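The values are calculated or read from the model by the stated rules, or taken from the named source; none is laboratory data. The structure displayed is predicted, hence computed values, not measured ones. Reconstructed Cβ throughout: ideal geometry from the backbone, glycine too, with neighbour counts over all protein chains shown. SASA here: full protein model, heavy atoms, side chains in, ligands and nucleic acids out. Shrake-Rupley method; radii C 1.70, N 1.55, O 1.52, S 1.80 Å.
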Amino acid sequence: MCRWWSRRSSMDKSTLNLEIGKNKIGIISIDQPDTGANVMNENFFHELTDILEDISTQKLNGLIFISKKPKVFLAGADLQAMQSSIGDDDKLRQLIEYGQKTFNDIQALPFPTVAAIHGVCLGGGLELSLACDYRVASSEAATKIGLPEVMLGILPAWGGCTRLPRLIGLIKALNFILAGRPYNSKYCKKLGIVDAITYKDQLISKSIELINKGTREKKKDLISNLCSPIISHFAKKATLRKTKGNYPAPLKIINVVSKGIKTGKEKSLLLEKDAFIELVNTDVCKNLIRIFFLQEAAKKLKYDSIIKEKISKAVIIGSGTMGGGIAQWLASRNINVLIKDISIEQLSAGLKNIGNLFVKGVLKHKFDRPAARKSISNISVTTDDITLKDRDILIEAIAEDFNIKTKVLQQLEKRCSKDTIIATNTSAISISELASKMQRPEKFIGIHFFNPVHQMKLVEIVIGKQTSQETIGRAVEFVKSIGKLPVVVKDSPGFLVNRILLPYLVESIRILGIVGDVERIDKLMVKFGMPMGPFRLLDEIGLDVAVHVASDLADRLDDFNMPGNFDTIMVNKEFGKKTGAGFYTYNKGKRMEVNDNLVSQLQLSIEKEYTDEKIVNELTQVMVDEANKCLYEGIVDSSDILDFAMIMGTGWAPFRGGPIQFSKK
Ligand SMILES: NC(=O)c1ccc[n+]([C@@H]2O[C@H](COP(=O)([O-])OP(=O)(O)OC[C@H]3O[C@@H](n4cnc5c(N)ncnc54)[C@H](O)[C@@H]3O)[C@@H](O)[C@H]2O)c1
């Protein structure tokens, strides 16, 4: 067997430990030294190969894989090792072959094998589990099972594309692999990936029960086999609709999985390997892996300060779009949340939206009903001017108006304790100017969530001139503790993301005045890779809010000019989705058609020669120029952080790597 990695010395601490009980059942416990995670690196595979060689000579009754980590079963392949091998196809082939051979060896063992899963089981971790006869998973929320390779522009190539469709059928396997997200044990049991669910401390006894059933009979899946061309055709159509052809991995996955199920296992593994080598060399894959590492860095961001105890109690001021979204997210992360608004009507509307978010979360298997109920019990509401001294943090999310915010924040500060962090969710108002009106400006900071809160992972932490190091450190820890990705930005007009986004939205209105076609511009930018076109985005944000923020930016930035037709978007008082019409009309929140009423008012001249390419070039160039200005002004520390923030805060074409990376091409 050729070895991809060099063998480590026997002095190294081991990751895998085999114990054989009196019942002749082997238990391989996984516990990578000096880390909270278990990743599949060189040492892991060497040790596993050695153990498999060792037990091949022993007459065991069964074998169980279990992790000793509190929250991780196996987090998947060592991406750093993989990344460093990109460009060396021979090395990559060895990497894939080594994993495939090892998992084939597990599958070939002459006694039943079980993966006893508690905690994160992703990518290669699930592929190892699929090579076992059975999978038993803990019922705890920490257990999350998935194949996230597609998110990195690659595919599961250690047998995932081969074994999963043979286990659960082609359609379910394709959906699972293409989704690339982790699911809870209950859903995996429903799919047939997991055979049994039990409490964490009963994983071993449940595994022994399964071993006693003997090795598993392999079923022939005739339906998947016969229908694979039709299934593949429809899957490709749906994928192209979603990706606009910008991502090669999903199409490759469909090809490999649907062809693989019709051939023998060996041929299918070969297809996996060839597709992996092809995908890993694409720019898309390189950009997605870069973003993955930036995301990991944001999760580990440390700010140099002494951190007091964890933030566990928050008060949110305002239960509107943002306040409600923030409250729902915090409650789902086990933070005790008090929501304060000016009337019972506003609070009821806010609570209704929060309830809907929990219902959607349950339907999408993000959490189960008991977890949703427990989260809701973390929320209380008030309209009264009660004491807020027990709150670790206050997050203000009321109207975007300097005078109103100042007045409300000054009153609230008096009711907080001297340790309470006071944060504003303002989109663009100066943090330093707001702080200057407070009694404790050192406790004041911008914590800027993005809309919709439950989907957007980025949070900008905006530092005012007077914000103390301790407040910054606590804010960073707080944002990480609720599972969001912090990016620390300098206080400046529009901070980072809006500073780059608003000029693009304003430019789209200028171009609309020339080409007069809302749908054409929207479609072009979606094809470019934005999650939605600029006019749909304006309707989502609200035209009144966009005009307000853009005007503020234009007042504070020297070279940001508004086009002549910009104010016109407000004339009909049609502010977007929330009023039933903006650039499009809406019926019960569903987008209907272009609102000609508004478009006709914006038209300045029609230029037939404005090509699609010119439109996309001009719209992207505005963002690239503004991004470069932000770097020059030191709004963030590096182009990596800037690209990362734009992708996580706006969905900016991830496969292009962010505006700065894109501009280098
Ligand atoms: N909407 C977005 O996409 C978005 C995104 C990021 C940041 N922001 C910022 O978040 C803030 C809130 O925006 P929104 O869209 O949620 O507004 P919204 O109009 O949906 O909600 C504001 C809420 O604040 C309440 N409120 C007003 N005065 C209050 C007071 N004195 N005490 C308690 N509650 C009060 C209102 O009743 C309302 O429920 C703004 O600063 C905005 O710029 C908005």
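Things to note:
- Residue (of Phe367, Ser380, Ile404) at the positive-pole extreme of region 364-404, dipole from beta-carbon charges: Phe367
- In terms of the mean number of neighbouring beta-carbon atoms within 10 Å, the peptides 529-536, 78-85 order highest first as 529-536, 78-85.
- Descending principal axes extents, region 297-404, alpha-carbon based, whole Å: 42, 41, 25
- Additional length obtainable on full extension of the chain from Thr382 to Ser312, 0.36 nm per residue less Cα span: 23.3 nm
- Compared with the alpha-carbon gap, the fully stretched path from Asn334 to Met592 is longer by 89.0 nm at 0.36 nm per residue.
- Shown for region 158-227 is the translational diffusion coefficient from the Stokes-Einstein equation, using the Kirkwood radius over Cα pairs, a temperature of 4 °C and a viscosity of 1.567 mPa s: 94 µm²/s.
- Cα centroid separation, region 359-391 to region 47-109 (Å): 41 Å
- Rounded to the nearest 20, the Cβ-based charge dipole of the chain about its Cα centre (Lys and Arg +1, Asp and Glu -1) stands at 2640 debye.
- Placing pseudo-labels 7 Å out from each Cα toward the beta carbon at Val624 and Ser551 gives an inter-label distance of 3.3 nm.
- DSSP beta bridges in the chain [antiparallel fraction, %, rounded to 5]: 25 percent
- For the chain: accessible area per residue (Å², 1.4 Å): 44 Å²
- 5 angstrom amide H check on Tyr183, placed H, neighbours 5+ away: Ile145, Gly146
- For the cross-link pairs Lys71/Lys186; Lys352/Lys437; Lys69/Lys189; Lys360/Lys588, the ones whose C-alpha atoms lie over 25 Å apart are Lys352/Lys437.
- Dipole magnitude for region 116-169: computed about the Cα centre from +1 point charges on Lys and Arg Cβ and -1 point charges on Asp and Glu Cβ, it is near 100 debye.
- Label-to-label distance, Lys364 versus Glu633, with points set 7 angstrom from Cα along the beta-carbon direction: 3.3 nm.
- In this structure the amide hydrogen of Val120, modeled in the peptide plane, comes within under 5 Å of the amide hydrogens of Val72, Phe73, Lys144, none closer than 5 places in sequence on its chain.
- Qualifying GluC sites (Glu not before Pro) for region 275-352 [loop in DSSP, other Cβ within 10 Å: at most 10]: Glu309
- Accessible carbon and sulfur surface of the chain relative to its total accessible area, %, 1.4 Å: 52 percent
- Accessible surface ranking that places the most exposed of Glu400, Glu626 first, with a 1.4 angstrom probe: Glu400, Glu626
- Inter-part distance where region 156-178 and region 236-260 are each reduced to a Cα centre, Å: 14 Å
- The H on the amide N of Val488, modeled in the peptide plane, is under 5 Å from the matching H of Ile461, each at least 5 residues off or on a different chain.
- Were the residues from Asp419 through Asn353 laid out at 0.36 nm apart, the gain over their Cα-Cα distance would be 20.7 nm.
- Counting only protein heavy atoms and using a 1.4 Å probe, the accessible area of His454 comes to about 70 Å².
- Peptides ranked, highest mean first, by Cβ atoms within 10 Å: ranges 509-518, 151-160, 494-503, 227-236: 151-160, 494-503, 509-518, 227-236
- Gln439/Glu140 FRET efficiency (R0 30 Å; Cβ-Cβ; nearest 0.05): 0.10
- If you bin all the Cα-Cα distances of the chain at 20 Å, starting from zero, the percentages per bin are 17, 46, 31, 6, 0.
- Region 16-290: Cα Rg divided by the 2.2 N^0.38 Å rule of thumb: 0.96
- FRET E, pair Lys374, Lys302, Förster distance 30 Å, beta-carbon r, rounded to 0.05: 0.50
- The trypsin sites (Lys or Arg not before Pro) of region 543-599 meeting both criteria, a DSSP state outside H, G, I, E and B (loop) and at most 15 other C-beta atoms within 10 angstrom of the site's C-beta, are Lys573, Lys588.
- Of the residues Leu409, Leu18, the one with the largest accessible area comes first in the ranking Leu18, Leu409, computed with a 1.4 Å probe on protein heavy atoms.
- Label sites at Ile230 and Tyr199, each approximated as a point 7 angstrom past Cα along Cα to Cβ, lie 4.7 nm apart.
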